[in-house]
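Asker: Once you've had a glance at the structure underneath, I'll fire off some questions.
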Amino acid sequence: MTGSPAEAQETLLTVKDLRIEVRTDRGPGPVLVDDVSFTLRRGEVLGLIGESGAGKSTIGLSTLGYSRSGCVVSGGSMMMGGQDIRTMTGAQRRGLRGRGVAYIAQSAAASFNPSITIMDQVCEVAIRQGLMNKAEAEAAARALFRELELPNPDTFGSRYPHQVSGGQLQRAMAAMAMAARPDLLVFDEPTTALDVTTQVDVLASFRKLIREHRTAALYITHDLAVVAQIADRIMVLRRGKMVELGTARQILNEPREDYTKRLVAERAFGQTSTPAGRDAEKPLLSVNRVWASYSKFANVISDVSVELRRGDTVAVVGESGSGKSTLARVIVGLLPRSEGEISFGGQVLSPRLAGRSKDQLRRVQMIYQIPDVALNPRQTLLDVIGRPMKFYFNRSNEEVRARVLDLLRQIDLPESFITRYPSELSGGQKQRVSIARALAAEPDIIICDEITSALDQLVAEEILRLLKRLQDDLGIAYLFITHDLGTVKRIANKVVVMLKGRVVAAGETAEVFTPPHHPYTELLLSSVPEMRGEWLDEVLVRRGAIAAAAKASVATA
Amino acid sequence: MTVEALTPDAIAPRRRRSIRLFGHKPNLTAWIGLIIIALNIAVAVLAPLIAPYPQADIVGDAWADPDRLHWLGLDNLGRDILSRLIYGARLSIGLSSLITGLAFVIGIVCGFTAATLGGWVDAVLSRIVDLLLSMPVLIFAFMILSVLGTDIPVLIGTIALLNATLVFRLARAVAMTIASLEYVEAAKVRGEGTWWVISREILPNAIPPLAAEFGLRFCFTFLLIAALSFLGLGIQPPLADWGSMVKDYRDMINLDSAAPLYPAAAIAILTIGVNFVVDWMLSIHSRGHGEPA
């Protein structure tokens, strides 16, 4: 960490009493940001942290003189270089963007034009702002690619966005933002969409870039451990208001406010022991040396075996593209397996959905990653949760209604929600409804496909607690697919680590996560951000050796 | 909610029963649209009672100017233009609703089936539609109508089939998108049949784009009927419909007569009314999808 910047350094941005609210046709709407003030010096990084809806991105965008449609900056001031961003004219704002402030969005893939080379897009701002000619801009871009440790920096720019990986594209966006040498960078959850292992590299590149150019930055994220690596100071936001502002060290080690304490506590979890499934029992679900592919040419999963007993929670972990979700699809029968056997309660399951009996379908239920698309927006909760009861058990309307109310109580939602539509619920509530829908079928196994990754930390925590309680009460087994090792450590009693469609390690959680690890497990484990500010430096030092070992192990696998 | 429920005939009675429509309060423009549609339907239904003269009777000199007895003047044969407008509402609105409704039923059923089942079903249906679309609309209609005769049922069937090809393409594309969402996958994993997936999971979510298309198709149908009438294959004289009235009277615009503007205005006003209601329905549907506040 850099020492706190000297007082004498000039202040770059002063935000005072910022207030942003929604304006609708019918007058003022909800207030998104209220009474937020901070200053930013040159070279300083301020982390903005909070749950979704806390107003982090709204503040970040406002420093670009931009607010989303319907939102208005209705109070306060944002002074930068002697001018108030709020009162700038359109032409002044255009001059500000790119040259004064630049923005790095969460989804790089959605931020690049797929039909233009990366080089042209990176150079565009500097050329249009008249700062450089084409040759200079390209030279500068190549220098940035090199600083960001992109592969083949001299030719990287000639590629199109789809030809590079997600992590590389995210770094290319940082290059684009830096092209006109802005004084302030706004990072809006830039690593949230990346795998843990990629996140480490990208974070390290960002930090290097900011430090070398002494650029100030607003770093927006919901992950305290990420912001700990990069921020000098942290502002905690909740529902548009500032909860706490302090140095990174103070926020992480001695949080003053209750809310901050809770956030820190959730992240600083310890390992809890989960009762192991009774090994003596026969496995409920047994996946035996299964292979599957989408086309004839490449196997997405190869030779995968997993066993699940009553009351078990088996976590399947790995990066995106490792075949975790495909495994779930093969188990439920959406993707027919090409080889191997899946048996359930002693019976061999047909590879295809159509070949399975209603009862077999009922006993394996699934919960999806994104609750917004997992529930039909045109059905009330009564229809959503009630349908499996009607479909599998042929219950009468009164029975269904009573049972749905019962399930709503079990998932801690008010009974009045029975007439609501999914769009009237929050993300966490929708995910609870998904759980209730799965429970309505009275299953033996629930497959959870990244069910917490689209949720805020505290909400995800509540969902996990709910699942645990239901398991204790009902003895359901979970196959828990995730890339978040923190979650795994807490809830799973067994772990299967997947890499490129193969299982590289499997066993009891404690066993798999205790050294000596498989090198890939080690790489995954070491990539989970920790709240200590020194963590990134340490992991980068260790990283080289671990990565090499992991690569070697894949080659021999 | 079925597609037929969206035709103007179905909307008006509901409006009278309650202030809410599809569970929502109509806004100002929706009210204007609903009133326009209701008035049009009332005029069509009550035509014999309110029209001053029978539609085919010659009541004076050709192209007589408007006077106290003939508010909009007389047409090329000396028939009362107002009376023909009123009777024209019957044929134009009735035919358009029927044709568009039929086109949507055929198009949606085929489109959704193609999207859900895929494979050879999709391939066969899609190629048939490509074949139909590859022929110019008027030439195709001309062919069918000259072979099968110019009865109104044949006319309805032909235009409905032609419109159904366009609805098919839209319905198939929309259903494909929805079918890839996880709630549809969840229904399949549950073991639901194809019919449930189509009617309960996909259809309710496909209504907004289809309703917008309905508003457009409804209005284009007038014009297509008019075009066919002009070629002598559509509505046969002496029956009146707005489209053929525009065609019959259009030369009079050069002689300082407003005659062609009346039927054109009738088409335009109904078009606007239908689209007001469709726009409002689209807005309630997009709100229902829970956009971030």
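The values are calculated or read from the model by the stated rules, or taken from the named source; none is laboratory data. From a predicted model like this one, the values you see are computed outputs, not experimental measurements. Here the Cβ is made from the backbone with ideal geometry for all residues, glycine too, and neighbour counts use every protein chain on show. For accessibility, only protein heavy atoms count, side chains too; no ligands or nucleic acids. Shrake-Rupley method; radii C 1.70, N 1.55, O 1.52, S 1.80 Å.
Asker: Compute the accessible area per residue over chain B, keeping the other protein chains in place, probe 1.4 Å, unit Å².
Answerer: 47 Å²
Asker: Same structure, new question: Applying 1/(1 + (r/R0)^6) with R0 = 22 Å to the Cβ-Cβ distance of A:ARG211 and A:GLU136, what FRET efficiency is obtained, to the nearest 0.05?
Answerer: The computed FRET efficiency comes out at 0.40.
Asker: Using a 1.4 Å probe on the protein heavy atoms, what percent of the accessible area of chain A belongs to carbon and sulfur?
Answerer: Exposed carbon and sulfur together represent 49 percent of the surface.
Asker: In terms of Cα to Cα distance under 16 Å, which lysines are near enough to A:LYS489, apart from those fewer than 8 places away along the same chain?
Answerer: A:LYS468
Asker: Please give the peptides A:324-331, A:88-95, A:250-257 ranked by average Cβ packing (other Cβ atoms within 10 Å per residue), highest first, as a rough proxy for protection.
Answerer: The densest-packed peptide leads the list: A:324-331, A:250-257, A:88-95.
Asker: Which value, in debye to the nearest 20, describes the size of the charge dipole of region B:148-254 about its Cα centre when Lys and Arg Cβ atoms bear +1, Asp and Glu Cβ atoms bear -1, and nothing else is charged?
Answerer: Dipole size: approximately 160 debye.
Asker: Please check region B:184-216 for residues whose accessible area, probe 1.4 Å, is lower by 50 Å² or more when all protein chains are in place than in their chain alone.
Answerer: B:GLU185, B:VAL189, B:ARG190
Asker: What does the structure give for A:368-376 when I average, per residue, the other chain Cβ atoms found within 10 Å of the residue Cβ? Each step should come with its number before you reach the end.
Answerer: Details: counts 5, 1, 2, 1, 5, 8, 5, 4, 12.
Mean inter-chain Cβ contacts per residue within 10 Å come to 5.
Asker: Then there's this: Taking the Cα centre of the protein assembly as shown as origin, sum charge times position over the Cβ atoms of Lys and Arg (+1) and Asp and Glu (-1), and report the length of that vector in debye to the nearest 20.
Answerer: The calculation lands at about 680 debye.
Asker: Please check: in the Gaussian network model of chain B (C-alpha springs, under 10 Å), which one of B:ASN205, B:ASN40, B:ASN275 has the largest mean-square fluctuation.
Answerer: Fluctuation is largest for B:ASN205.
Asker: Within region A:356-393, what residues put their amide N at less than 18 Å from the label point 7 Å along the Cα-to-Cβ vector of A:ARG401?
Answerer: Within reach of a label on A:ARG401, which here means backbone N under 18 Å from a point 7 Å along Cα→Cβ, region A:356-393 contributes A:380-391.
Asker: Across peptide A:377-389, what mean number of C-beta atoms from other chains lies inside 10 Å of a residue's C-beta?
Answerer: Mean shielding by partner chains, rounded to a whole number: 3.
Asker: Okay, next question. Just B:SER83, B:SER229, B:SER283 to compare: in a GNM of chain B, with alpha carbon springs under 10 Å, which one fluctuates most?
Answerer: Looking only at B:SER83, B:SER229, B:SER283, the biggest GNM fluctuation is shown by B:SER283.
Asker: Provide the buried accessible surface between chains B and A in square angstrom, both chains summed, 1.4 Å probe, rounded to the nearest 100.
Answerer: Looking at B and A, the buried total is near 2000 Å².
Asker: Would you mind estimating how fast region B:74-289 diffuses translationally, via Stokes-Einstein at 20 °C and 1.002 mPa s with the Kirkwood radius over Cα pairs, in µm²/s?
Answerer: Result for D is 113 µm²/s.
Asker: I've got another one for you. What accessible area per residue comes out for region A:439-527, rounded to a whole number of Å², with a 1.4 Å probe? Before the final figure, lay out the partial values.
Answerer: On the way: 2800 Å² over 89 residues.
Averaged over the residues of region A:439-527, the accessible area is 31 Å².
Asker: Let me ask something else. Counting only heavy atoms of the protein chains, get the accessible area per residue of region A:121-236 (1.4 Å probe) and round it to a whole Å² value. Mind dumping the intermediate values first?
Answerer: Numbers: 3820 Å² over 116 residues.
Value for region A:121-236: 33 Å² per residue.
Asker: Just tell me which aspartates and glutamates come within less than 15 Å, Cα to Cα, of A:LYS282; anything on the same chain fewer than 8 places away is out.
Answerer: A:LYS282 reaches A:GLU307, A:ASP312, A:ASP444.
Asker: Ignoring ligands, DNA and RNA, what percent of the accessible area of chain B is carbon or sulfur (1.4 Å)?
Answerer: 67 percent
Asker: Here's another thing I want to ask about it. Which of the lysines could a cross-linker span from B:LYS25 if the Cα-Cα distance has to be under 27 Å and same-chain partners fewer than 8 positions apart are dropped?
Answerer: A:LYS430
Asker: How big is the Cα convex hull of region B:194-293 in projection, averaged over all directions, in nm²?
Answerer: With the hull built on Cα positions only, its mean projection is 10.1 nm².
Asker: Oh, and also: Which residues of region A:405-443 show a drop of at least 30 Å² in accessible area when all protein chains are present, compared with their chain alone (probe radius 1.4 Å, heavy atoms only, ligands and nucleic acids excluded)?
Answerer: Residues of region A:405-443 that lose at least 30 Å² of accessible area once the other chains are added: A:SER423, A:ARG437.
Asker: Next up: If packing is taken as the average number of other Cβ atoms within 10 Å across a peptide's residues, how do A:310-320, A:416-426 rank, most packed first?
Answerer: A:310-320, A:416-426
Asker: Now a separate question. Lys and Arg at +1, Asp and Glu at -1: add these up for the other residues within a Cβ distance under 13 Å of A:VAL316 and post the number.
Answerer: -2
Asker: Helix-only estimate, please: 222 nm mean residue ellipticity of the protein assembly as shown, summing -39500 (n - 2.57) across DSSP H runs of length 4 or more and dividing by its residues, to the nearest 500.
Answerer: Mean residue ellipticity, 222 nm, calculated: -15500 deg cm²/dmol.
Asker: With chain B treated as a Gaussian network of Cα nodes joined by springs under 10 Å, which of B:TRP120, B:TRP63, B:TRP242 yields the largest mean-square fluctuation?
Answerer: B:TRP120
Asker: Next up: From other protein chains only, count the Cβ atoms within 10 Å of every residue's Cβ in A:353-365, then give the mean.
Answerer: Neighbouring Cβ atoms belonging to other protein chains average 2 per residue here.
Asker: Hey, which of these cross-link pairs are over 26 Å Cα-Cα: A:LYS56/A:LYS261; A:LYS241/A:LYS261; A:LYS390/A:LYS494?
Answerer: Pairs exceeding the cut-off: A:LYS390/A:LYS494.
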